[in-house]
Each structure stands twice: as structure tokens, then as C-alpha cells.
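Some notes on the structure that comes next.
The values are calculated or read from the model by the stated rules, or taken from the named source; none is laboratory data. Because the structure is predicted, anything quoted here is derived from the model rather than measured. Virtual Cβ from ideal backbone geometry, glycine too; neighbours counted across all protein chains shown.
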Amino acid sequence: MQLYIGCSGWSYSSWQDVFYPSNLENKLWLPYYSQVFEYVEIDSTFYRIPNQIMVRNWAKKTSKNFRFTVKFPKVITHDKKFKNAEKELSLFYDAMKPLKDKLLALLIQFPPYVKITEGLEALKQHDFFFDDTFRYAVEVRHPSWFSDLAYNFFSNNNICMVWNQLDRIQSPAIVTSDFVYLRLIGDRSIKEGDFGMIQKDRIEEMKYWADKFRTVEETEKEVKIGIVAANNHYAGFGAATANMFRVMKGLNSVEWGVRKEIDYVPETRFSMGTGVHKSKQKTLFDYPNE
């Protein structure tokens, strides 16, 4: 199983001088991020449908091996609940075209109040799940979804039911497609100004999910890809969370603040600092690989 482990977004001002060098321009953050991690989840699309120019820049500023997942706009999933949303769907799909070759999946998130009956009815109204243009992952937050009815629907259509870790709900680790997708979300108790340092100890939770990935690797041979997106709100610093999960899965620990240059985007060649960033949470990585 090919693992893609990264963060929910990269554009955080509180990461400057922690993850990003203090003198690094905002427009260079994504190229820098892509030299540390090979995957990112884009959540900004939840709030606004991007234009093709922006999406094309995401593709251009990252290497050919870099991968994305992109969240559906809330105007479709939350505001209109997929009803009379054809215009917005068309705009969103058109915008995603330049990113198609680097896109692991489109992420559909249902709000906590949407139960299985309403949600499945909304999904069945549209046939965009049944072509080969994009892959889909669906995140649900109401316990009514945790049933065979939902698992069978997703499995029959090769749609991934997202594994999510919030403080109020934890989804079951059910495999419904040929890829698995874990979102480490937490709650909103950590303020944005405090992002950039581990604030909560989530190691036991993360070990639980690392073990679920191990079970999939051992028993679900048809699963080819595993995706992990770490949110800042989960423990305080998405990059450190993603790095810890890498170590738990036996992958090399990544480093930020290392001097590098970007070869695939000539206009953004730059130096990435003078040495490895020494973060306060580095000691949390200091446990045996499993």
C-alpha cells in the first residue's frame, strides 16, 4: 500500500518561522511544503470554489509525484445539500481539471446533522460517482451512517468512507474502496495563533490508527493507497502530527528548515534556511518504530 501522509492545508501564517523560514514569501510556501511532504489536503475549496488559474498554479508549483485531495465546496454539501447545485458542481469540476493527474480523491463532507437516509438520497441523485474522471471519499459525522446500508452502498460504488478522528465521534475503520483515507481532525479548542507547536498528546489515538493501517496492509490486498491528513486543530501542529504518523508507520522522519532548491519550478528557486528547525515537540518522535 502506497502511503500519502501530509497536512490539511499549507497556508498558515503561524507556521512562518516554525515550518517556513521567516523570510520566505507566501507564494513560495506550497513549493517549500512539497519538498517536505508529498501530499496535502486542500480545505480552502470548502469555503470558495477556486478558478482554474489558481488550481493550475497548485499543479505547476509541485513536483510530478506530489498528490492532492480536494474538499467539496460547502455551498454544495452544506448550503444546498446537493439540491439545485448543478451550476456549482459544474464550476467545481471545471476548476479541478488542471489538477486531475495529481488528484487522489475529491472529499465530500456531510455536516453532523445529516443522517444516512438524507445523505444517501442526496448522493444517489447524481451520477458523477460512476465515471472515471475522479475518485471520491465521503466523510460522515452522524452515527446513523455506521451501518451495513452505508458500507454496502460505498463498497458497491468503490467510494471510500473516510476514517475520521474527532473528539466527539470516531468512525469505525471499515474499508469500502481500494483506498483508505484517515482525517485527524480533533476539535476547535486550539487557537489558530497557537498553531506551530504540539499542544495535545494524541499519540495513543495515532497508534490506534496506525494499527488499523497495518491490519489493512495485511488483510486487504486490493487496497493500494492509504491517505492521512493531519489538521492543526488535532494536536496543534499538523506538520508534526503528520511526521509522527510517518514514524509510526516505519517511514523516515521528514525535516523542515533544511537548505534546498526547487528544480521543477525555475522561477521559484530559493534557499530554505541554514539548518534543521529544532522544534520543541521533536522529542515526541523519540519512540520505537512499530
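Brief remarks on what is shown
- Residues within the stretch 215-236 that are among the hydrophobic types (A, V, I, L, M, F, W, C), touching a helix residue (DSSP H, G or I) at 6+ places or on another chain (Cβ under 7 Å) and over 17 Å from I42 (Cβ atoms), tallied: 2
- Close pairs from the stretch 247-266: first among the aliphatic types (A, V, I, L, M) and surrounded by 13 or more Cβ atoms within 10 Å (Cβ to Cβ), partner in a loop (DSSP other than H, G, I, E, B) and modelled with pLDDT of 50 or more, Cβ under 6 Å, at least 6 apart: V247/S253; V265/K61
- Residue match in the stretch 52-61 (condition: on the phi > 0 side of the Ramachandran plot and either surrounded by fewer than 20 Cβ atoms within 10 Å (Cβ to Cβ) or not in a strand (DSSP E or B) (or both)): no
- Qualifying residues in the stretch 71-96 (those that are of a type in the set (G, A, S) and either outside any helix (DSSP H, G or I) or in contact with a helix residue (DSSP H, G or I) (Cβ under 7 Å, 6 or more places away or on another chain) (or both)) - the one nearest to Q52 (Cα to Cα): A95
- Test: residue in the stretch 199-208 that is of a type outside the set (D, E), under 24 Å from Y234 (Cβ atoms), in contact with a strand residue (DSSP E or B) (Cβ under 9 Å, 6 or more places away or on another chain) and part of a loop (DSSP other than H, G, I, E, B): yes
- Check on D17, of a type in the set (D, E) and out of contact with any Lys or Arg (no Cβ under 8 Å at 6 or more places or on another chain): yes
- Restricted to the stretch 49-68, and to residues there that are within 18 Å of the chain's Cα centre (by Cα) and of a type in the set (S, T, N, Q), the residue that is nearest to F92 (Cα to Cα) is T62.
- Residue within the stretch 232-252 that is under 20 Å from Y33 (Cβ atoms), in contact with a strand residue (DSSP E or B) (Cβ under 7 Å, 6 or more places away or on another chain) and assigned to a strand (DSSP E or B) present: no
- Selection from the stretch 176-198 of residues that are touching a Phe, Trp or Tyr at 6+ places or on another chain (Cβ under 9 Å) and more than 23 Å from A239 (Cα to Cα): T176, S177
- Of all residues in the stretch 183-196, those that are on the phi < 0 side of the Ramachandran plot have Cβ atoms under 6 Å from Cβ atoms of residues that are aliphatic (A, V, I, L, M), 6 or more apart or on another chain, in R183/V162; R183/A229; L184/A230; I185/L166.
- Those strands (runs of 3 or more DSSP E) lying entirely in the stretch 97-197 with at least 1 residues of a type in the set (V, I, T), at pLDDT 95 or above and crowded, with 18+ Cβ neighbours inside 10 Å: 103-109, 136-139, 179-186
- Residue in the stretch 10-42 that is surrounded by the most Cβ atoms within 10 Å (Cβ to Cβ), counting only those that are over 17 Å from V254 (Cα atoms) and touching a residue at least 40 places away in the same chain (Cβ under 8 Å): E41
- Within the stretch 77-89, residues that are free of Cβ contacts under 8 Å to residues at least 24 places away in the same chain sit with their Cβ atoms under 6 Å from residues that are surrounded by 16 or more Cβ atoms within 10 Å (Cβ to Cβ), at 6+ positions apart or across chains, in these pairs: A85/I76.
- The stretch 101-113 residues that are closer than 17 Å to L123 by Cβ, paired with ones that are part of a strand (DSSP E or B) and small (G, A, S) (beta carbon under 8 Å, 6 or more apart): A105/A137; L106/A137; L107/A137; I108/A137
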